[in-house]
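Everything on this sheet refers to the single structure shown next.
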């Protein structure tokens, strides 16, 4: 993208406000100041609060039975009803045992659900979930 805003003899970088597309040949994401982490206090259904655009949620290591789902609320003042919340399982002891998804989204919060996908094994692991908000307007 070329520089397009003349300011005397120099140019400033392109302003992306109002742009239809944003292209990147490298990384695209949040600064360290926009990231955070939080740990659940007592159980996998205990809500957490983290007012950051991206973060890591370390869940309680309470047992989660086979073929069972548990939900908890992420309270985040940056979440709006026009946003998209992306979640994924980051660190876990048993690979491919879990799936995670956003069950609902509201202004200031989201309900996140973790499911033990195994047919017969209960796990007591502190699953770590990463999230990132794609902010809507």
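Where a number appears in this text, it was derived from the coordinates with a stated rule and is not lab data. This one's a predicted model, so the numbers in the text were calculated from it and none came from an experiment. All Cβ positions, glycine included, derive from the backbone under ideal geometry; neighbour counts span all protein chains shown.
Are any residues in segment 45-85 under 14 Å from the mean Cα position of the chain (by Cα) and outside any strand (DSSP E or B), and if so, which ones? Don't jump to the end; show me each part of the working.
To start, the set of residues in segment 45-85 that are under 14 Å from the mean Cα position of the chain (by Cα) comprises 48-59, 72-80, 83-85.
Matches in segment 45-85: 50, 51, 52, 53, 59, 76, 77, 78, 79, 80, 83.
Entry remark, segment 80-100: residues being surrounded by 12 or more Cβ atoms within 10 Å (Cβ to Cβ) and within 19 Å of residue 63 (Cα to Cα) number 9 in total.
Checked against the criteria, residue 113 counts as more than 30 Å from residue 22 (Cβ to Cβ), outside any loop (DSSP other than H, G, I, E, B) and touching a strand residue (DSSP E or B) at 6+ places or on another chain (Cβ under 6 Å). The one condition from (1) surrounded by fewer than 13 Cβ atoms within 10 Å (Cβ to Cβ); (2) in contact (Cβ under 8 Å) with a residue 60 or more places away in the chain that residue 58 does not meet is (1).
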